[in-house]
Ligand SMILES: [Fe+2]
């Protein structure tokens, strides 16, 4: 059961990487001159995630997922959720909100 979920999660992560990272990095580029200071840090975290993901995928393609692989994978994705989405992405979201609010206040 956990093994089946891994395959589902892998295809979700494939599209997540393509869509979500692309959108975030576009916003970072567009708004970096307005004071978002974590551009390089944020991009390097995405890059590290992609490299880790690729390695997990190679492992998954070469063998049936072992209990150890599944445990490591879930630990890694949980850590990503806590460290990246809950902190770094939230920080970007707050920054964009404040920029857009200032912008809309100027025009109201
Ligand atoms: Fe991100």
Flag for residue 102 being free of Cβ contacts under 8 Å to residues at least 12 places away in the same chain, within 18 Å of the chain's Cα centre (by Cα) and either more than 20 Å from residue 2 (Cβ to Cβ) or surrounded by 10 or more Cβ atoms within 10 Å (Cβ to Cβ) (or both): no
Residue count for the stretch 14-34, restricted to those that are at pLDDT 90 or above and surrounded by fewer than 10 Cβ atoms within 10 Å (Cβ to Cβ): 1
Residues located in the stretch 82-99, provided they are loosely packed, with under 11 Cβ neighbours inside 10 Å and within 18 Å of residue 13 (Cα to Cα): 82
Residue match in the stretch 50-61 (condition: more than 10 Å from the ligand (Cβ to nearest atom), modelled with pLDDT under 95, within 11 Å of the chain's Cα centre (by Cα) and closer than 18 Å to residue 3 by Cα): no
Pairs where the first residue, in the stretch 20-45, is farther than 13 Å from residue 88 by Cα and the second is assigned to a helix (DSSP H, G or I), C-beta under 6 Å, 6+ apart: 31/99; 32/39; 34/99
Per-region count, the stretch 46-65, residues free of Cβ contacts under 8 Å to residues at least 12 places away in the same chain, exposed (fewer than 14 other Cβ atoms within 10 Å of the Cβ) and over 19 Å from residue 81 (Cα atoms): 4
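The values are calculated or read from the model by the stated rules, or taken from the named source; none is laboratory data. All figures in this text were calculated on a predicted structure; none of them were measured in a lab. Note: ideal-geometry Cβ built from the backbone for every residue, glycine included; neighbour counts use all protein chains shown.
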